[in-house]
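Engineer: If you scroll down you'll find the structure; I have some questions about it.
The values are calculated or read from the model by the stated rules, or taken from the named source; none is laboratory data. What you see is a predicted model; the values in this text were computed from it and never measured. Cβ coordinates were reconstructed from backbone atoms using ideal geometry, including for glycine residues, and neighbour counts include every protein chain displayed.
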């Protein structure tokens, strides 16, 4: 089996974010690292975050830093990754890519102890960068520029110190003196010699300053002093002319100002009043704001509270350090203060947000200061505060984040054309159930009922130069309705349009006149109100019209084409007639190229399954330029001008390509390239859109032409970041559409469906999925660990969804809010509930709270033999579970619930005590299988409790998943991969007949077929294991079912071993796997969801040719286009185990971003053209989504 | 030949000094375990998704989790 890996939705969690002016100039931009993706964001004028560029680097980004050479206008990006290389990137505005400026190798690849990459520190003047590892190694690179003002980088200078652990490093601002870097270090050399742990307890953290002597080109340890043992982070304090220099050391409960030769200035971090005493307060992220006259720091604690830190300083150094409560926002991994007055908060979990500063916390509030610090016998006197609503910040935008996806189920609960993905995301009070549908989200602006069933709709401007549309024209079966657009939309009769006849087309013609085409003629309405009518000859009627503003072609019944042009005076003149062989099915004229009088191409679709391109040039007017035959009669045609794939920020500087799109009657969209000179058609692609023939309409998306295709669902074809995308819209079936522009809505669509007129806009372009979130707050407490969801389907076929879970650590909560989180209590306290949700109405129909420190861990539906109760719900819970110091619990239970009211609510039947945590439950042959610790047990339903039937205690650690198929049971162990079991009914025995040889820390598993399981491990690998065919047959044929062999055993385990058939490193912890098909009639693929919030798919190849093609393409891509941050692609995908039989589609899909000559070179080696390769890539993607 | 053996030994020592965590013949159980643990923690810290995974399980912030692993 060969698989094609493709990321459907890129990771949404953010590891690290930096801000600066990356494209040069004054524009503030943010670069975020999302694990293996680097993207550039920019808040636009409205304060909406726009993603400008996003690139997968096939490596693991661990740290980011930005720097600017003195006097330069542009920031560079330094990336610390797992590649063992330091990489300096520059954003190229013209091409909209990150350019690699420098890449220097310093060590092995991988996230290792002593290989730098974990920390980055920049000299504030941009003269040097320090890159550090967790232990020992630190390297300093000197940055400079050569005569041509290009950035240069020196060879590394070592600042190693063995036997030290580094907690944080930062640059010290010391003006233009020698650059200094500060580090928090811990020396463990003594602790190592002493196994009793005494020395380890005494180890002391030091703050060390390293000075880079630019003259000697040498790094020396300049100064080292003890710091608080809770120190975890350093923040640079502005120096030189702007401030006192030095660093802020953030430690547990304290912030300390330190500098060489300066006494410590220490202040406590205020505590929430309800925080238990034994919990410290740790700063997790920091941002600095610096203006000419002042500077301050924003520090965020692990509970989400932001404090503003200011320093009082004079000539003799810092006299006072003040920490003032600022606001509370969800805990961030990075914060960026933008110069434009925004705060970008990259949340650890859940949605990211952009805040605007309302104030900078000058109002009085809870404050602690170094001067009021009081020391008592127990230590320093704490300062308390109560979190409150936002006062200084106001949220103006948020970026959706699925991080972390805890569980995912794909099902078609809504009975739509494609299945929905139900994912459980987020953590604690910010968690939610998100329903993802492939497609773009739209927001409906207005729906109005019309007097009849309209057949078509158009919008027209009064003048070419108008910004907004003036009229909406709606055509009915025997009338035309004209609505004028103003403050309100109302019917008008003075527009000059003929309203007693249906219309075939309405458009602006020439500069300022309107044209209405009706079956009996053309009505040309001049700006001054004069009306010219052109009548059809005889009894013939107009059937089809194509126009482009300067040219009009009409098709009469019988197949005659008449071509009109607008002449110099604005008059519509008949130019040419042409007789076609049969009736015309559809026609379209290409848009007029800029600076030209007319367009050269007319496309005519006929019922004999052909599309002809006709010339409109005066010298060869109505000559057939080319003919294309298609599989079914075309229904609709559209010329679309698409700018080539790679381009600047907007792709504007590249020649346009003209595409002819045709919607065929069999529901296929056919797309082909039209040669701009000869009109020859080439490179055709087709895609099935839906059950109805697609009707094509031209609309505008971000000011550029786009295409709306209306089949059984609407699709939008548009350009996003230089790529042409065709994505479905999540909206109902539409009949006819037109673009719409008014001052309330700049780029909308007006459409008719049924008897309603709808106006909507399309949002969040570029996303593969749109989501509907249902917030989960089972309880006004917080859940800690995880949630599990099950889809319950009861007897009536009425759908409902169960979701259970949540556990936690605390009790009563007065101020529960998504923004603030819940107060921490002592650990080992749990709260949990079981919730039944109706996804259609997004309402909770039943909510059961678990009492007494009990938490739910697993859920499944089960039908027992006797069918007395029908479908039941089994929930595995644990009471008083502790992870630390040793995993222990008071008791485990399995609850059995009965569904009431068609599955809308639950009633407890009974609960059975078990000895461990039931982490896995599954129905098996009318009984319940439970994995309780290392025991697999089969239960039957009794009157008062569950009855044990059979068990097997031979599992190595803890069972976390059970799946069954016929009489086989596939058990996943937390640490030891899969075990295949069999149940022998006559002997009532469960035994393991095969297991895996590789120890895998399973995080997700899915049953693929009788002999195959898919699994994912903690380190980010996805793998498939299969029982060899002969072994499988043997077991099925053996009358003892391999029992005799089982008793012998092999390699400390089962007698048979499964084989690994697929192996792939995703680079992210996969938390859920499922086999599903996301397109109607498409093949199945395996979808996975990850902790970082990305969704991906593994598609099995169906032909050997495809495998060959893609593996060669992948090979060439690896050679010609090495990943951006210097990690070897093959090594990355084989980080833990060698990659096997998986082709990385993410790498292949970077093919269109290559320069054209490189594309051509690769294509030559594959004996294809670049166009064919692009087509192949598109096809592969279209098979998945 | 004596010099050769000496040479190999010194090379090994050099390697051990250069690459922290490289084992040697006289490694005792404690040292070995410490090395393995340090390697694991360094790897957890380096891989952000893994850190997030632990953070969800233990109900801590990622920052706190990183700090705990560092300790």
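Engineer: Of all residues in region A:22-60, which are outside any loop (DSSP other than H, G, I, E, B) and within 14 Å of another protein chain (Cβ to nearest Cβ)?
Structural biologist: Kept after step one, since they are outside any loop (DSSP other than H, G, I, E, B), are these residues of region A:22-60: A:29-33, A:37-43, A:49-56.
Result: A:32, A:33, A:37, A:38.
Engineer: Which residue, of B:53, B:67, is free of Cβ contacts under 8 Å to residues at least 12 places away in the same chain, surrounded by 15 or more Cβ atoms within 10 Å (Cβ to Cβ), more than 19 Å from residue A:1017 (Cβ to Cβ) and facing chain A (nearest Cβ under 7 Å)? Talk me through it step by step, then tell me what you get.
Structural biologist: Numbers: B:53 fails: more than 19 Å from residue A:1017 (Cβ to Cβ).
Exactly one of B:53, B:67 is free of Cβ contacts under 8 Å to residues at least 12 places away in the same chain, surrounded by 15 or more Cβ atoms within 10 Å (Cβ to Cβ), more than 19 Å from residue A:1017 (Cβ to Cβ) and facing chain A (nearest Cβ under 7 Å), namely B:67.
Engineer: Quick one: in region A:279-301, which of the residues that are within 14 Å of another protein chain (Cβ to nearest Cβ) and assigned to a loop (DSSP other than H, G, I, E, B) is farthest from residue A:326 (Cα to Cα)?
Structural biologist: This residue is A:279.
Engineer: Could you figure out which of (1) within 14 Å of another protein chain (Cβ to nearest Cβ); (2) closer than 24 Å to residue B:69 by Cβ isn't true of residue A:306?
Structural biologist: The one condition residue A:306 does not meet is (2).
Engineer: Assess whether residue A:165 counts as being crowded, with 19+ Cβ neighbours inside 10 Å, more than 10 Å from chain B (Cβ to nearest Cβ) and closer than 24 Å to residue A:286 by Cβ. Steps first, answer last, please.
Structural biologist: Working: crowded, with 19+ Cβ neighbours inside 10 Å: yes; more than 10 Å from chain B (Cβ to nearest Cβ): no; closer than 24 Å to residue A:286 by Cβ: yes.
The answer is no for residue A:165.
Engineer: Does region A:651-659 contain any residue that is closer than 30 Å to residue A:52 by Cα, in a strand (DSSP E or B) and at pLDDT 85 or above? Full working, then the answer.
Structural biologist: The initial filter retains those residues of region A:651-659 that are closer than 30 Å to residue A:52 by Cα, namely A:651-659.
From the residues that got through so far, the ones that are in a strand (DSSP E or B) too are A:656-659.
Going one step further and asking which of them are at pLDDT 85 or above, we end up with A:659.
Yes.
Matching residues to (1) surrounded by 21 or more Cβ atoms within 10 Å (Cβ to Cβ); (2) modelled with pLDDT of 90 or more; (3) within 26 Å of residue A:96 (Cβ to Cβ):
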site: A:1130; (1), (2), (3): no, yes, no
site: A:1133; (1), (2), (3): yes, yes, no
site: A:1136; (1), (2), (3): no, yes, no
site: A:1142; (1), (2), (3): yes, yes, no
site: A:1145; (1), (2), (3): yes, yes, yes
site: A:1154; (1), (2), (3): no, no, yes
site: A:1162; (1), (2), (3): yes, yes, yes
site: A:1166; (1), (2), (3): no, yes, no
site: A:1169; (1), (2), (3): no, no, yes
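Engineer: Would you mind telling me which numbered condition in (1) assigned by the TED database to the domain that holds residue A:157; (2) touching a helix residue (DSSP H, G or I) at 6+ places or on another chain (Cβ under 7 Å) residue A:282 fails?
Structural biologist: The number of the failed condition is (1).
Engineer: Additional query: Can you name the residue in region A:144-162 that is surrounded by 13 or more Cβ atoms within 10 Å (Cβ to Cβ) and within 14 Å of chain B (Cβ to nearest Cβ) and is also nearest to residue B:38 (Cα to Cα) among such residues?
Structural biologist: A:162
Engineer: Look through A:570, A:582, A:558, A:538 and report the one residue that is closer than 25 Å to residue A:698 by Cα, surrounded by fewer than 16 Cβ atoms within 10 Å (Cβ to Cβ) and modelled with pLDDT under 85. Walk me through it before giving the result.
Structural biologist: On the way: A:582 fails: closer than 25 Å to residue A:698 by Cα; A:558 fails: closer than 25 Å to residue A:698 by Cα; A:538 fails: closer than 25 Å to residue A:698 by Cα.
Checking each option against the conditions leaves just A:570.
Engineer: Sticking with this structure for a sec: Which residue is nearest to the other protein chains (Cβ to nearest Cβ), if the candidates are limited to region A:168-186 and must be over 41 Å from the mean Cα position of the chain (by Cα) and closer than 20 Å to residue A:224 by Cα?
Structural biologist: A:178
Engineer: Let me ask something additional. Go through region A:500-520 and give me each residue that's surrounded by 19 or more Cβ atoms within 10 Å (Cβ to Cβ) and farther than 12 Å from residue A:547 by Cβ.
Structural biologist: Listed by number, the residues that qualify are A:503, A:513, A:518.
Engineer: Quick check: is even one residue across region A:125-139 within 25 Å of the chain's Cα centre (by Cα) and either within 13 Å of chain B (Cβ to nearest Cβ) or at positive phi (or both)? Lay out the reasoning, then the answer.
Structural biologist: Of region A:125-139, the ones within 25 Å of the chain's Cα centre (by Cα) are none.
Within region A:125-139, not a single residue is within 25 Å of the chain's Cα centre (by Cα) and either within 13 Å of chain B (Cβ to nearest Cβ) or at positive phi (or both).
Engineer: Out of curiosity, is residue B:12 more than 7 Å from chain A (Cβ to nearest Cβ), in a helix (DSSP H, G or I) and either on the phi > 0 side of the Ramachandran plot or modelled with pLDDT under 80 (or both)?
Structural biologist: Numbers: more than 7 Å from chain A (Cβ to nearest Cβ): yes; in a helix (DSSP H, G or I): yes; either on the phi > 0 side of the Ramachandran plot or modelled with pLDDT under 80 (or both): yes.
It is true that residue B:12 is more than 7 Å from chain A (Cβ to nearest Cβ), in a helix (DSSP H, G or I) and either on the phi > 0 side of the Ramachandran plot or modelled with pLDDT under 80 (or both).
Engineer: Further question on the same structure: Please count how many residues of region A:212-234 are outside any loop (DSSP other than H, G, I, E, B) and surrounded by fewer than 21 Cβ atoms within 10 Å (Cβ to Cβ).
Structural biologist: First, pick out the residues of region A:212-234 that are outside any loop (DSSP other than H, G, I, E, B): A:212-213, A:218-226, A:233-234.
Checking the rest, the ones that are also surrounded by fewer than 21 Cβ atoms within 10 Å (Cβ to Cβ) come to A:213, A:218, A:220-226.
Final tally of qualifying residues: 9.
Engineer: Scan region A:1035-1046 and tell me whether some residue there is within 14 Å of chain B (Cβ to nearest Cβ) and either modelled with pLDDT of 90 or more or over 22 Å from residue A:956 (Cα atoms) (or both). Walk me through it before giving the result.
Structural biologist: Let us first name the residues in region A:1035-1046 that are within 14 Å of chain B (Cβ to nearest Cβ), namely none.
No, that holds for no residue.
Engineer: Can you name the number of the only condition in (1) within 30 Å of residue A:769 (Cα to Cα); (2) outside any loop (DSSP other than H, G, I, E, B) that residue A:414 fails?
Structural biologist: Going through the list (1) within 30 Å of residue A:769 (Cα to Cα); (2) outside any loop (DSSP other than H, G, I, E, B), residue A:414 breaks only (2).
Engineer: Applying the selection to region A:854-880, what residues are more than 20 Å from residue A:924 (Cβ to Cβ) and either touching a residue at least 60 places away in the same chain (Cβ under 8 Å) or crowded, with 19+ Cβ neighbours inside 10 Å (or both)? Step through it out loud before you land on a result.
Structural biologist: Looking only at region A:854-880, we keep the residues that are more than 20 Å from residue A:924 (Cβ to Cβ), and these are A:854-856, A:877-880.
Scanning region A:854-880 gives A:854, A:855, A:856, A:877, A:878.
Engineer: Looking for whichever is away from every other protein chain (no Cβ under 14 Å) and more than 26 Å from residue A:407 (Cβ to Cβ) here; the options are A:1124, A:1098, A:1087. Which one fits? Before you say what the answer is, go through the steps one by one.
Structural biologist: On the way: A:1098 fails: more than 26 Å from residue A:407 (Cβ to Cβ); A:1087 fails: more than 26 Å from residue A:407 (Cβ to Cβ).
Answer to the selection: A:1124.
Engineer: Only one residue in A:303, A:257 is more than 38 Å from the chain's Cα centre (by Cα) and crowded, with 17+ Cβ neighbours inside 10 Å, so which one is that? First the steps, then the outcome.
Structural biologist: On the way: A:303 fails: more than 38 Å from the chain's Cα centre (by Cα).
Every option except A:257 fails the conditions.
Engineer: Looking at region A:332-347, which of its residues are within 14 Å of chain B (Cβ to nearest Cβ) and in contact (Cβ under 8 Å) with a residue 40 or more places away in the chain? Reasoning before the result, please.
Structural biologist: In the first step, residues of region A:332-347 are kept if they are within 14 Å of chain B (Cβ to nearest Cβ); the result is A:332-335, A:345-347.
Once the filter is applied, which keeps residues that are within 14 Å of chain B (Cβ to nearest Cβ) and in contact (Cβ under 8 Å) with a residue 40 or more places away in the chain, region A:332-347 yields A:332, A:333, A:334, A:335, A:346, A:347.
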